1. Scanning the stretch 4-32 for residues that are of a type in the set (A, V, I, L, M) and under 11 Å from the mean Cα position of the chain (by Cα), which turns out nearest to LEU57 (Cα to Cα)?
2. Which residues, taken from the stretch 33-68, are over 23 Å from GLU8 (Cβ atoms) and under 19 Å from the mean Cα position of the chain (by Cα)?
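No value in this document is a laboratory result; all are computed from the given coordinates. The structure presented is a predicted model; accordingly, all values stated were derived computationally and were not measured. Neighbour counts run over all protein chains shown; Cβ positions are idealised from the backbone, glycine included.
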Amino acid sequence: MKISKIKEMSSPELEKELSELKTELFKLRFSLATHGLDNPMRIKEVRKDIARINTVLTERKIAESKNA
């Protein structure tokens, strides 16, 4: 997921996407441990997407606290 797309999303949408990505990451790790994955690079992509979303959420909280 591109950072520009993430920044366009609202905070509730980002929270929902974050929970979905965490669930997907759990399933990918479980699949890797049990029988292997077709695309093990997907784990890396999901982890980076989670980090991007967390970064944007943190930036918004900081900006919100400075404005208040």
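1. Among those residues, the one meeting the criterion is LEU14.
2. ASN39, PRO40, MET41, ARG42, ILE43, LYS44
Here's the yes/no breakdown for (1) surrounded by 15 or more Cβ atoms within 10 Å (Cβ to Cβ); (2) small (Gly, Ala, Ser); (3) assigned to a helix (DSSP H, G or I):
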{"residue": "GLU13", "(1), (2), (3)": "no, no, yes"}
{"residue": "ASP38", "(1), (2), (3)": "no, no, no"}
{"residue": "LYS44", "(1), (2), (3)": "no, no, yes"}
{"residue": "THR55", "(1), (2), (3)": "no, no, yes"}
{"residue": "SER65", "(1), (2), (3)": "no, yes, yes"}
